[in-house]
Amino acid sequence: MFDKLSRPDRILHIVSTLDKVNFGIWNAALFGSAFLKREYGWESCCWVCRPPANDDPVPETPVTYLTTGVSKGSLHALAKKQGLDPKHTIVVSHGCWLAPSRVGYALSKLGYRWIHVPHGMLEPWSMKQGRLKKMLYYLLLERKFILSATTVRAVSRPEKANLEKQLGREVTLVENGVTLPAHLPPKDEQEILFLFMARLHYKKGVAPLVRAWKRVMDGAGEKTLIIAGPDEGELEKIRPLLTGNVRYIGAVYGKEKEDWLKRSHYYFLPSFSEGFPTSVLEAMSYGLTPLISEGCNFPEVFREDLGFRAEPDEEQLVKVLGHLKTKPFDTALSERNRDYIAKHYAEEVIGEELHKLYSSMQIG
């Protein structure tokens, strides 16, 4: 029998894969681990449900690849080998439809406290994609998994409202966060850079963005659209338009990514649907002005006049680009974006929210 007021000091994250295409999910999943270790001595680890690829990034959090299935017996044996137990460990699964939900569910049956984090995968637009297959799996398995979780965590206010309506249960809000650069880098205003840095997937709206750019900005030599990210089917659609002041630079990580954020002025994400994109937070922390859609689930950008609406619609994008074509870059807004992220989404802010959430899940 566990002590009535036993609190956790180990956090076990479950993710589907560490591949580059899934970077946004697993990077957001592991955010806060360093803070919890530094401030509270809490250890974090990560179980990955798919075998590694040769070029997978390696996070600082210790990683174990699941190779023996997701049965309760095999998971119990692995947890015991790593010194994990229900008294001291919180399990946090990230994403839907894949093994993380099954692993979280199995561990909950072994007595672990389990937080399920959908990361936007149950948002209305996402649920309509592959609707029949998703709905069948959701009704047969996924909903049962989620409803059995100790807590469901939303990463944005719109997602929280949608999940509570869909699941009929209370959902905890802890938003994503970012580690801020040490200072706001100065922006060269001789060439204004518009940065799109995300998967080249239909969902992200890159094709209508490039078409709109060619209609409005083609020949505007002092303005350049930089497209960065791994391809997921959209590159062939936009390849004929990658001329003049439109450049595709592939996927960027680490220092190369930081260099583009330091140099760029605007950040584009005209997405159909997101949970809460950390890429937008990161861009704003570097002083970029966000050009994002309502589907990014970040209404504060519009409410606080921190950026501009950019929907995944060519005509709407033509209008916003037309507005920005002759507009000088607003350095005061750049500083305000940095300050807003520092106040609301910095590591210590979200880290404390995570600590509060995990501490609240004491046994008793």
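The charge dipole of the range 192-344, taken about its Cα centre with unit charges on the Cβ of Lys, Arg, Asp and Glu (plus for the first two, minus for the last two), comes to roughly 320 debye. The HN-Hα couplings worked out from phi for the range 293-307 by the Karplus form 6.51 cos²θ - 1.76 cosθ + 1.60 (θ = phi - 60°) are 8, 4, x, 6, 6, 10, x, 4, 4, 7, 5, 9, 6, 9, x Hz, whole numbers, x standing for Gly and Pro. Which Cα, out of Leu306, Leu242, Ala332, lies furthest along the positive dipole direction of the range 192-344 (beta carbon charges, K/R +1, D/E -1)? The residue sitting farthest along the positive end of the dipole is Leu242. The C-alpha radius of gyration of the range 192-344, expressed as a fraction of 2.2 N^0.38 Å, stands at 0.94.
Dipole magnitude for the chain: computed about the Cα centre from +1 point charges on Lys and Arg Cβ and -1 point charges on Asp and Glu Cβ, it is near 1300 debye. Our analysis of the range 4-159 gives Rg over Rh at 0.95, with the two radii drawn from alpha carbon positions and Rh computed by the Kirkwood formula. A Förster radius of 22 Å, combined with the Cβ-Cβ distance separating His88 from Leu140, puts the computed FRET efficiency at roughly 0.10.
Counted by Cβ distance under 13 Å from Ile25, the other residues give a net charge of +1, where Lys and Arg count +1 and Asp and Glu count -1. Shown for Met284, Met121, Met361, Met197: other C-beta atoms within 10 Å of each C-beta, ranked fewest to most, produce the order Met361, Met121, Met197, Met284. Footprinting exposure proxy ranking of Thr331, Thr89, fewest other C-beta atoms within 10 angstrom first, gives Thr331, Thr89.
At q = 0.06, 0.10 Å⁻¹, work out log10 I(q)/I(0) for the chain with the Debye formula, treating every Cα as an identical point scatterer and leaving solvent out; two decimals please. Once normalised to I(0) and log-transformed, intensities are -0.23, -0.64.
Near Glu159: Cβ cut-off under 12 Å, other residues only, Lys/Arg at +1 and Asp/Glu at -1. The net charge is 0. Karplus-based coupling profile of the range 277-284, in residue order and whole Hz: x, 5, 4, 5, 4, 4, 4, 5, with θ = phi - 60° in 6.51 cos²θ - 1.76 cosθ + 1.60 and x standing for Gly or Pro. Label point of His355 set 7 angstrom out along Cα-Cβ; within the range 28-52, amide nitrogens under 15 Å from it belong to 32-44. In terms of distances greater than 29 angstrom between alpha carbons, the cross-link table entries Lys144/Lys257; Lys187/Lys343; Lys80/Lys203; Lys262/Lys327 yield Lys144/Lys257; Lys80/Lys203.
Please find the FRET efficiency linking Asp339 to Leu147, where r is the Cβ-Cβ separation and R0 is fixed at 35 Å, and quote it to the nearest 0.05. Display every interim value, and only then the final one.
Working: r = 40 Å, r/R0 = 1.14.
So the FRET efficiency works out to roughly 0.30.
When the helices of the chain are scored as -39500 (n - 2.57) per DSSP H run of n ≥ 4 and the total is divided over every residue, the value at 222 nm lands at -11000 deg cm²/dmol. Going from the residue with the fewest nearby Cβ atoms within 10 Å to the one with the most, Glu60, Glu300 rank Glu60, Glu300. About its Cα centre, the dipole of the range 1-148 is roughly 620 debye, where the only charges are +1 on Lys and Arg Cβ and -1 on Asp and Glu Cβ. Toward the positive end of the charge dipole of the chain, with +1 on the Cβ of Lys and Arg and -1 on the Cβ of Asp and Glu, the farthest Cα among Pro230, Leu136, Val92 is that of Leu136. Contact order for the range 5-121, expressed relative to its length and based on alpha carbon pairs under 8 Å spaced 6+ residues apart, stands at 32 percent.
Throughout, read-outs are computed from the coordinates displayed, never taken from laboratory work. Just so it is clear, the model here is predicted, and its values are computed rather than measured. Virtual Cβ from ideal backbone geometry, glycine too; neighbours counted across all protein chains shown.
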